[in-house]
Every structure is written in C-alpha cells, then in structure tokens.
Amino acid sequence: MRRIRYILLELAVLAFAGIQAQNNGTGSSMKPVDTAHFYMKHSYDVLKYRLNVDLYHCYPNPFSTAFPATEVITFKVDSALNSIRLNAVNTSIEVDSVWGAASSFIHNSDTLTIMLGHIYQPGDEVSISIAYHHKNVADHAVYSNGGFVFTDTPPEGARKWFPCWDRPSDKALLDLTAKVPLNVKLGSNGSLADSLIQGDTIYYHWISRDPVATYLMTMTSKTDFAMDIIYWHKLYHPADSIPARFYFQSWQIPDSIEAAIGTMTDFYSSLFGEYPFEKIGFATLNGLFPWGGMENQTMINLTTNGWQEGLVSHEFSHQWFGDLITCGTWADIWLNESFGTYCESLWLGHKSGNLAYKNHLDSQANYYLANNPGFAIYNPSWAIHTPAVNQLYNSAVVYDKGACVLHQLRYVIGDSAFFQLLKAYATDTNFMFKNAVTPDFIAKANEISGTDLGWFFDEWLSQPNHPIYSNSYEIQDIGAGEWNLQLLLSQTQTNAVFFKMPIQVRVVFTDSTDTVLRVMHDTNHQFFEFVFSKEPAYPVFDPYRNILLKKATTTLGINPLPDNTGFRLFQNEPNPFKNTTTIKYQLPVLSSVSITVMDSYGREVLPEFTRQNDAGIFNYTITGKNLSPGIYFYKLEAGKFNETRRMIVIE
C-alpha cells in the first residue's frame, strides 16, 4: 500500500494523533518472541472461502452498497470444538441463516458465533454455509459510486463484506463468483475460471490458486471498464507465460506501465525469485479510493491517475513482500511497507543509476526527519492490539524510516550479503505463501551474514528516533613528515539509545587527494586517531550518507565531554615519545581503574596497570625502553566506561 502522499508529490503533511513514544531506555527490547502467541492462534485453520455475491443492483444511480451473498467456509480443526467464532461487523453485515455443519448462530459485538452439529476433533475438515447481506452503508470497505463497485479492506476491513477470521496469519484460498450487469468488468484475486453470460447478466468466477490473507482479498469492477491483456514470459521458464490485466477508464492511457511491467517483473524476479502468482493485475479507481495504491494479491488497485512507475514499483513489489510472504501480525507491518518503499528506490536505481537510488532514499530520510512522530518501527503490542490506521501505516516511520533501515542494513553487511538475504528470505519455503514475523527475518539476516545483527535491529527497529552526532576533530603536525588526525565521535540525543554503527570517514588532504576509512563506533564519545605521511585538511563524516537516519555536525576543535559523563581518557604527552610519556585520565566517582597497553595486533606488551582512585584527574607514566619503535594502543577501563587511544614510540 502507498499513502496518497506519493501521488500528491509529498505536498500534504499528515498529522497523527494519539501516538505514544516507546521506551527510551538503553536496554535491548528485541526479546525472544512467542510466535504462536503473536500469530493469534485460534482453534481452526481456514482453508477456503467460497463467496457468491450479487452486485447487480449496485451500479445504477442511486449507487448502493447493499448486496445479498452466500458463503461456504471450509476449515481444518486444530483443537476439539463444537463452535467457531468469526469476525463480522454488525453495522455492515446482517446474517440471515446458516446450514451445512452449522446448526445455529449468534451475531453481536461484531462477532459471529456459529454452533456446529457436534464436536469435531483435530484434523477434521468442516464446511459451514452462511447466507448474509451487506447493508447500504458507507463502511470504508465496500464502495459504490459512478459505476464503480470495489472493496478495499486493510488492515481489518474484510470482516465488513464477508464473515471471516480477519487476521493476516490465517491465509486461505478464495473462490469468488460475482453477478453483475453485462456492461461491467470485474477483477479479483487469482485466475478467471469462467465468465458466464445469461441475458443482461454476467457471472465472473475467480479462483485463487494460492492462499490469500483476508485483507488482500478484493473485488474491483466498473461499468464500461476498458481492459488490456498482455503476457509476461517467465524469467526462468520463457516458454510459460502469465497474463497481466490492466483495467482502466477509457480516457486513461496505461501504455507506459504496460511497456514497463515486463522489465519490472524480470528485475524483481531476478532479485527475489520468479514472480510467484498466476496473474498480474492492476486497476485504477475513482476518488473514493483512500490510498495511492493497494497491493491486493494479483489484483492491485491504484488511485485515479495511478499509472506512475514509482507507485506501481511499490505496489508490485508487495506481490513478494506482503502477498507471497505476509506479515504474521500487524507488529510486523514493516516487512510489507518498508520493503515496498525500499523497492521503489531499487527500481529507480535500476532504471536511472545509483545517484537516483540514493537521491530517492535521501528524500525518504528527509521526510522521516521532518515528520518523525517518535515511536519505533517494530511495536510488539500491535500484534495483539491493532493500532489506528494512521499509526499502523505511518508514512514517516513504517514506510520511509523502514526503507532507510534496509539501506543501512545493506551498508553494514555489504551488497553481496544483502541481496543474498533478500532472495533467501523471499524464496524460503517456510515463508512462501505463508507468513513471517520480525524475528524470522532477523534470524535469516544472521544466517546469511554469518554474524549476530541483533544490535542493529534492536536500535533501528525496536527503538524510536535516531542519532544526533556532534563530532569534532584536531590535526597536529607530529614531525618527521607525519600528521596526526584526532576525531571524537559523540551522540547527543536525549530521546533515544546510543546507536552503534560502522562509520566511514573521508579524509581530504591539502593536496586535494583523499582517502576513506571505516571504523566501528561502538561507545559514545569515542576517540580515533590516524597518522598520515601528508597533511590532512579536514575529515568528512559519513561522506556517502549511508547512515541516512541521523543529524550530524563535525567541527574543528575537540569538544569537551558532557559534564554528566565525567570519565575521560586524555591523549598521552608527549606523543610521539622515546623515553617516557604520561597518560592522564579523569574520574567522576570512586572507581577501579585498569590501563592496558597493546601492540597493533591487540597483544598486551606491558603489565596491566590497576588501581582504585577517588574522583579526580590522575597520571600514569610509562617508559618506552622495553618497546620497539612503532604504533601502540592504550585502553582505560573504569566500571562500564572504556576508551582506547593510540600512541607512537620513536627511536
């Protein structure tokens, strides 16, 4: 799904109310997840919804959303039961009767409870039949106006047009038959099995080959809809092809998207595995449609003038990230929307080059920084209590910040591992045509990268906000044709944790050459020193803006540490030295102190210095007589504080 902000070229500013900031503590919140609990397990698993809807009278003026329908639900029993509960909103749906395995029903408080004829045991497959009618109401799920009749139901609006278990984790097959006037074209999920004409009536019969989440089930129709059909030949099986259906109003021209869809499908297939479904479908709707686009499985709905590559690239990528693999709970919505937004940048980069890719991500980062509401991307409580739509689909956090997090993950683990991860995730049979939750993706990232990335996902997904860097530097001529660059990296945000990240620093020299260094910034107020054989002019922090989610300044002159820190390790003096040098350190409280001197391989070269000091500034003098000329490091540890600096021994 894409916010209408995309279509309006980001001129609108969305205001979001009732948003609570998450815990700003420093502890990790990425705890092991009870996925069975998060998947909202219930006592049965829906296998198929068979719907028969009569929309015939919904198209003429006065336009009505009232229609009669029958439904057959087939489900597999998970635990012994003699009744089931379904979601069915009372103000939208009125149930008329039940039969089959159903014996009676109670419908109140938006819940349809159906009593069964006897007790069914685990493994039993049961079918119940329901006759109901949708009322003539504006419920933001069923829309009828100007010859259009369509449904749009994220996150939990399917319960407004048919009784169902309306959670993203219970995907099921859909078999839909719709009765409409002869001049209507109607699209839905899956393949068109039949279109039977009887007089002035046509019955469209759509069948999904693969399971669909209820919020991705749809009907899309209009009188005198224009339609084009082209065919995409599979990337890895070129002899096979699937139809791409384009529904549009006669005055619209979708030619550019029809021309691009083959290349786009090839591109995504090469990255994420071959397009997984039996059809590609798009339809443009009218002004009642509340989004820029909605990624209904194989039947994507777009806003009125929605034939734009950026919007289409977002929605179409959802066929992998959102439809093939659906978020297991609403806490995991970023696995849909952050991925879809990132794919916009990927497609733009594929078409127009890396600069276009980076500029698009920069615009997403800037929108987030200007509109950040202050909550985390990943909120486990959303798995149980679905938030308001404007929070669940928050553009700044869920879309734009999430897309930038994916780019930052790419920066941390490298291009090769990143794209291997996307493909491995999208083609994992544990997730394909099923669901995934956030810990699933993290586990896959750890597996593919060969490292524990828990720190990365904790700070960028589970924590709100972003780092604010206030960096400083000094350049010293240390003689013998060498210069020393000292860099102090500090984060000053008060509404977020410390963000550990690898940092690139581009050092520009006075002769206009440069070099790029990479260091791991894993503690706050961290000193780095570099010695060069030519004079540095200045450093550039994060020169390629790979850490998109930040604010940063870098100034000449080492900043003093904040008063509330108190701990400090000073540069040894003199440096470089031949005989002796003094290390100075500062303590704010009584502390146990250790100083370790190491060579460039990290081996201790002098006995460890340990002492207990009161608050104050202290000196530790070492001699170089037992040290060969070269570069060494000394590390101070005092409680939780540790800092490392570099020193040079000369002949």
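Structure summary
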{"quantity": "Some residue of segment 110-124 being buried (at least 22 other Cβ atoms within 10 Å of the Cβ), under 24 Å from residue 1 (Cβ atoms) and modelled with pLDDT of 95 or more", "calculated": "no"}
{"quantity": "Count of segment 572-599 residues which are under 13 Å from residue 645 (Cα atoms), surrounded by 14 or more Cβ atoms within 10 Å (Cβ to Cβ) and of a type outside the set (S, T, N, Q)", "calculated": "8"}
{"quantity": "Scope segment 279-334; condition in contact with a strand residue (DSSP E or B) (Cβ under 6 Å, 6 or more places away or on another chain), closer than 27 Å to residue 440 by Cα and among the β-branched types (Val, Ile, Thr); matching residues", "calculated": "298, 300, 325, 326, 333"}
{"quantity": "Residue check, residue 50 touching a residue at least 40 places away in the same chain (Cβ under 8 Å) and in contact with a Ser or Thr (Cβ under 6 Å, 6 or more places away or on another chain)", "calculated": "no"}
{"quantity": "Residue, surrounded by the fewest Cβ atoms within 10 Å (Cβ to Cβ), within segment 600-651, restricted to residues that are of a type in the set (Lys, Arg) and part of a strand (DSSP E or B)", "calculated": "611"}
{"quantity": "Leading residue by the ranking (nearest to residue 52 (Cα to Cα)) among those in segment 70-89 that are more than 33 Å from the chain's Cα centre (by Cα) and among the small types (Gly, Ala, Ser)", "calculated": "83"}
{"quantity": "Leading residue by the ranking (surrounded by the most Cβ atoms within 10 Å (Cβ to Cβ)) among those in segment 393-420 that are among the aromatic types (Phe, Trp, Tyr) and under 13 Å from the mean Cα position of the chain (by Cα)", "calculated": "399"}
{"quantity": "Those strands (runs of 3 or more DSSP E) lying entirely in segment 147-233 with at least 1 residues touching a Gly at 6+ places or on another chain (Cβ under 6 Å) and crowded, with 23+ Cβ neighbours inside 10 Å", "calculated": "184-188, 201-207, 219-223"}
{"quantity": "Top-ranked residue in segment 289-302 [being in contact with a helix residue (DSSP H, G or I) (Cβ under 8 Å, 6 or more places away or on another chain) and not in a strand (DSSP E or B); ranked as nearest to residue 433 (Cα to Cα)]", "calculated": "297"}
{"quantity": "Count of residues meeting criterion [of a type in the set (Val, Ile, Thr) and within 42 Å of the chain's Cα centre (by Cα)] in segment 564-589", "calculated": "1"}
{"quantity": "Subset of segment 69-89 (residues that are assigned to a strand (DSSP E or B) and either farther than 23 Å from residue 115 by Cβ or among the hydrophobic types (A, V, I, L, M, F, W, C) (or both))", "calculated": "69, 72, 73, 75, 77, 81, 84, 86"}
{"quantity": "Selection from segment 250-264 of residues that are in a loop (DSSP other than H, G, I, E, B) and buried (at least 17 other Cβ atoms within 10 Å of the Cβ)", "calculated": "254"}
{"quantity": "Qualifying residue in segment 90-108 (condition: out of contact with any Phe, Trp or Tyr (no Cβ under 8 Å at 6 or more places or on another chain), within 20 Å of residue 54 (Cα to Cα) and outside any loop (DSSP other than H, G, I, E, B))", "calculated": "yes"}
{"quantity": "Exclusive hit being among the small types (Gly, Ala, Ser) and in contact with a helix residue (DSSP H, G or I) (Cβ under 8 Å, 6 or more places away or on another chain), set 445, 537, 480", "calculated": "445"}
{"quantity": "Close pairs (6 angstrom Cβ cut-off, 6 or more residues apart or separate chains): closer than 24 Å to residue 512 by Cβ in segment 536-557, outside any strand (DSSP E or B) and modelled with pLDDT of 95 or more anywhere", "calculated": "537/510; 546/411"}
{"quantity": "Some residue of segment 470-485 being out of contact with any Pro (no Cβ under 9 Å at 6 or more places or on another chain), of a type in the set (Ser, Thr, Tyr) and not assigned by TED's automatic domain parsing to the domain that holds residue 550", "calculated": "no"}
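The values are calculated or read from the model by the stated rules, or taken from the named source; none is laboratory data. In this text, all values refer to a predicted model and were calculated from it rather than measured experimentally. Because the Cβ atoms are built from the backbone with ideal geometry, glycine has one as well, and the counts that use them run over all protein chains shown.
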